Amino acid sequence: MNILPRISDTLYHGTIYRITSVDVTKGRGNKDFGRGFYMAADKSQAIGMMNKKFNEAVRRSKTKSVEQFSRHLYQVKLNKNILPELSIKYFIDADMEWLDFVLECRKSSSIPHDYDLVVGPTADDNTTLCLKYYFDGIYGKVGSDDAKEFLMKNLEVENLGIQYYIGKQAVADRLISSLKEL
């Protein structure tokens, strides 16, 4: 299967920070695909992430002042010409392979793989809670097939959006051809 035609060249990034260029080191660890820069295939998904980050920042703020935070939505264009040169992991579905990959990445504060670009379902808020229960052993012994099967049954995998991930600065510098605030 040739995945290159399935990769979109227009993506979106929602945040509370003004950015002029992508810096993959600004991303937090313990995320679905590792520490790096995430983009959404769907604009509404990026808007949802932007609003979630905004609400979290206000909630965590000592002053609770909404005025100190702002929302920023970016359109990200990819240079698809370099895709054949990249090591790409593409998850079509939120299946057991995807789950094992996400579980490994969520345990790490860095990047536990060597892919240049990872594309696949986004673990949403419900997924995050289910993953916590999994890591807490509520679904059974962590790492066991039974616990992972129970976790998969609790995920609403058909409602997950698609995310794109870049964890290497050299790849971001070559792959991202433009970043424009909307």
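Over segment 33-182, accessible surface divided per residue gives 53 Å², non-protein components excluded, 1.4 Å probe. If you run the Gaussian network model on the chain, springs between alpha carbon atoms under 10 Å, then out of Ile47, Ile111, Ile19 the most flexible one is Ile19.
For the chain, modelled as a GNM whose springs connect Cα atoms under 10 angstrom apart, the maximal fluctuation among Thr128, Thr20, Thr63 occurs at Thr63. Measuring between alpha carbons in the structure, the pairs from Lys52/Lys148; Lys31/Lys89; Lys89/Lys148; Lys132/Lys168 lying more than 19 angstrom apart are Lys52/Lys148; Lys89/Lys148; Lys132/Lys168. Its Cα centre serving as origin, the chain has a Cβ charge dipole (Lys and Arg +1, Asp and Glu -1) of approximately 980 debye. The modelled label-to-label distance for the pair Ile92/Ser21, using points 7 Å beyond Cα in the direction of Cβ, is 3.9 nm. Taking +1 at the Cβ of each Lys and Arg and -1 at the Cβ of each Asp and Glu, which of Thr25, Asn79, Tyr164 sits farthest along the dipole of the chain towards its positive end, judged by Cα position relative to the Cα centre? Of the options given, the answer is Thr25.
The share of accessible area on segment 66-182 that comes from carbon and sulfur is 47 percent, using a 1.4 angstrom probe.
Close amide H contacts of Tyr90 (hydrogens built in the peptide plane, cut-off under 5 Å, sequence separation of 5 or more or a different chain): Val119.
The values are calculated or read from the model by the stated rules, or taken from the named source; none is laboratory data. Just so we're clear, the structure is a prediction, and the values are computed from it rather than from any experiment. In this analysis, Cβ positions are derived from the backbone assuming ideal geometry, glycine residues included, and neighbour counts consider all displayed protein chains. Calculation scope for accessible area: heavy atoms of the full protein, side chains included, ligands and nucleic acids excluded. Shrake-Rupley method; radii C 1.70, N 1.55, O 1.52, S 1.80 Å.
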